[in-house]
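Written out below as structure tokens is the structure these notes cover.
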């Protein structure tokens, strides 16, 4: 009996009585472009110290970088639900097939010669692009440390800004929590989604956007709000 009681006490100590949720801006999803830019920068930088890359190879790297950046831009600019994504993908595949199969006819009809794109960017471009993106992500990380939500069994707390502006909502266990994942690509890139909080003591609905590992966070929130504390927690 004493052993069972001790195990319950140990389990209670291990239970986390609060959860911190951080929101991130949409520009977070440009990180694939930053990673590709860093890789290409080192490839071109190291190649310049030897024989250098041929213009054709440099153009291929530039085209690849542009394709990744364009993909990131579309992810940030639009919400791609499952149905819309499937429709766009099917249309894109059909367009590529039409261009490939009718390349000669299209060229003759418009009196143009279809050639691969020649997108060439210098090593300095990749360097300054990567420095800009790294600075952006550092600032994003710092801001996420001073703007966050804290969920506890007794209250919901929002801390915002360097000066520590805060909002506290009591009676957290009666708050309405909802999770959405409106964009399939954002979920793939960051396992992210949005969490909506409607406190019982406030008429507003608060959106926490681009929450990392949103499914796990939602389960943790529901577990915390279902916990009945023996005494009020100071957060």
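When you look at residue 184, is it farther than 16 Å from residue 24 by Cβ and touching a residue at least 12 places away in the same chain (Cβ under 8 Å), yes or no?
yes
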Check residue 218 against each of (1) surrounded by 15 or more Cβ atoms within 10 Å (Cβ to Cβ); (2) modelled with pLDDT under 85; (3) part of a helix (DSSP H, G or I) and name the one condition it does not meet.
(2)
Unique match (being under 13 Å from residue 211 (Cβ atoms) and surrounded by fewer than 18 Cβ atoms within 10 Å (Cβ to Cβ)) among 186, 178, 166
178
Take the residues in region 44-93 that are part of a loop (DSSP other than H, G, I, E, B) and over 21 Å from residue 182 (Cα atoms), then tell me which one is modelled with the highest pLDDT.
54
Which residue pairs have Cβ atoms under 6 Å apart, sit 6 or more places apart or on different chains, and have a first residue in region 66-84 that is surrounded by fewer than 13 Cβ atoms within 10 Å (Cβ to Cβ) and a second that is modelled with pLDDT under 85 and in a helix (DSSP H, G or I)?
82/184
For residue 11, work out the one condition from (1) under 30 Å from residue 156 (Cα atoms); (2) at pLDDT 90 or above it doesn't fulfil.
(2)
Output the number of residues of region 199-209 satisfying the condition of being over 15 Å from residue 26 (Cα atoms) and surrounded by 15 or more Cβ atoms within 10 Å (Cβ to Cβ).
2
Matching residues, region 135-151, being in contact with a helix residue (DSSP H, G or I) (Cβ under 8 Å, 6 or more places away or on another chain) and outside any helix (DSSP H, G or I):
151
Of the criteria (1) in the same structural domain as residue 184 (by TED's automatic domain parsing); (2) in a loop (DSSP other than H, G, I, E, B); (3) at pLDDT 75 or above, which one residue 21 fails:
(2)
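The values are calculated or read from the model by the stated rules, or taken from the named source; none is laboratory data. Because the structure is a prediction, the values reported are computed rather than measured. Quick reminder, even Gly has a Cβ in these numbers, built from the backbone with ideal geometry, and neighbours come from all protein chains shown.
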